[in-house]
Amino acid sequence: MNDDFSVWRDRPVVVTGGAGFIGSNLARRLAELGAQVTVIDRMLAGYGANMFNLALPANPISLLESDIGAENAISDAVTGAHTIFNFAGQTSHMDSMQQPLEDMALNQIANLRFIELVRRVNPGARLVFSSTRQFYGPPQYLPVDEKHPLNPPDINGIHKLAAEQYHMLYARVYGMRVTALRLTNVYGPRMRIRDAKQTFLGIWVRHVIENSAFEVWGGTQRRDFSYVEDLVEAALRTAMADATIGHVYNIGGHPSLTLDELAELLVQVGGSGSFIRKEFPAERKKIDIGDYYCDDSAFRAAANWQPRFDMAEGLRRTLAYYRANKHFYL
């Protein structure tokens, strides 16, 4: 296993969705490591893109304002990339149910166009795809491993599953060097906090820094969480580990918590804010997966990875970031 992160120095890298939450943290880390980073992002503010996310990196980051399916606009960047992190996508489950064709365009069609472009112009590139645990649906057993049946509970889950399958099909048929990472609830600096489109934890953080009350729907649901810096390291290690090529992996992080436990911890760590328990809204209950936490032992072994930050420390770092920078995110 190669633990030498100096391999990224001067390496040309593309990060799609790189002005959004996870992508920007990854792009900034790559820039710190000396990589030549090109971000491809449509800059759709409604889905989390934010220019401040890319402000003042250690090294310059090039930005291509484009859809990942726009071949002419992005072909040169893709052609010259050693490694591609495909982290673009729409993550709102309710938006996908209300605007299913837009979700299809963003999460399914654009990804098929993108992987086909990579196959034609740079089939030897190392490619890491950001997938999701959402399409497991309500778990039949816990913890959920990669062999768990797939049963997407919403439109977003169906389209993200299709996108993952496109990537893995191209790996099998064309020998492309692809890995898919099924992410759980990721949180941390640069996530969207003005609403709950990206993650419910974002709006909770906003209420805590504003010393107001947030709503906890249900509260007994058990979930696992990944702090974004841990996830960034997981993505880097994935690209560095040939053993992960051709595989799909769960990535978790902290031991699972109920939403009630998480709310109590967030208020305790923040020293402000409060929460109100409410019944789960009927329209959201239909697409909620209930309890979920994953078995990510296969990934930990293959990539020599484990999370470094516990939940309390991750929340502390997150709150500190937004207390200093909240005017860029509201």
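A few comments on the model shown:
- For segment 236-266, taking the residues that are aliphatic (A, V, I, L, M) and touching a strand residue (DSSP E or B) at 6+ places or on another chain (Cβ under 6 Å), the one that is farthest from Arg323 (Cα to Cα) is identified as Ile245.
- The conditions of being in contact with a Phe, Trp or Tyr (Cβ under 6 Å, 6 or more places away or on another chain), outside any helix (DSSP H, G or I) and crowded, with 21+ Cβ neighbours inside 10 Å are not met by His167.
- Taken over segment 25-38, the residue count meeting the criterion of being touching an Asp or Glu at 6+ places or on another chain (Cβ under 9 Å) and either polar (S, T, N, Q) or within 23 Å of Tyr187 (Cβ to Cβ) (or both) is 3.
- Any hit, segment 267-274, residues being in contact with a Lys or Arg (Cβ under 8 Å, 6 or more places away or on another chain), surrounded by 15 or more Cβ atoms within 10 Å (Cβ to Cβ) and under 20 Å from Asp3 (Cβ atoms): no
- Segment 270-289, subset within 18 Å of Thr220 (Cβ to Cβ) and either of a type in the set (Gly, Ala, Ser) or assigned to a strand (DSSP E or B) (or both), residue modelled with the lowest pLDDT: Ala282
- Conditions (1) touching a Lys or Arg at 6+ places or on another chain (Cβ under 7 Å); (2) at pLDDT below 95; (3) among the small types (Gly, Ala, Ser); number of the one not met by Ser96: (1)
- Within segment 303-318, restricting attention to residues that are out of contact with any Ser or Thr (no Cβ under 9 Å at 6 or more places or on another chain) and in a loop (DSSP other than H, G, I, E, B), the residue that is farthest from Ile209 (Cα to Cα) is Asn304.
- Selection from segment 248-288 of residues that are under 27 Å from Arg316 (Cβ atoms), touching a helix residue (DSSP H, G or I) at 6+ places or on another chain (Cβ under 9 Å) and among the hydroxyl-bearing types (Ser, Thr, Tyr): Ser272, Ser274
- Residue check, Pro255 part of a loop (DSSP other than H, G, I, E, B) and buried (at least 17 other Cβ atoms within 10 Å of the Cβ): no
- Checked against the criterion of being in a helix (DSSP H, G or I), aromatic (Phe, Trp, Tyr), modelled with pLDDT of 95 or more and surrounded by 22 or more Cβ atoms within 10 Å (Cβ to Cβ), segment 201-209 contains one or more residues that satisfy it.
- Counting only helices (runs of 4 or more DSSP H) that fall entirely inside segment 7-105 and contain at least 2 residues that are surrounded by fewer than 19 Cβ atoms within 10 Å (Cβ to Cβ) and of a type outside the set (D, E, K, R), the qualifying elements are 71-79, 93-98, 100-103.
- Criterion (without any contact (Cβ under 8 Å) to a residue 60 or more places away in the chain, more than 17 Å from Val248 (Cα to Cα) and not charged (D, E, K, R)) met by exactly one of Asn151, Asn185: Asn185
- Those residues of segment 160-177 which are in contact (Cβ under 8 Å) with a residue 12 or more places away in the chain and over 21 Å from Gln90 (Cα atoms), in sequence order: Tyr170, Ala171, Arg172, Tyr174, Gly175, Met176, Arg177
- Residue list for segment 271-314, filter: closer than 29 Å to Asp154 by Cα, among the aliphatic types (A, V, I, L, M) and without any contact (Cβ under 8 Å) to a residue 60 or more places away in the chain: Ala282
The values are calculated or read from the model by the stated rules, or taken from the named source; none is laboratory data. Here the structure is a predicted model, which is why all the values come from computation and not from measurement. Please note: Cβ atoms are built from the backbone with ideal geometry, for glycine as well, and neighbour counts cover all protein chains shown.
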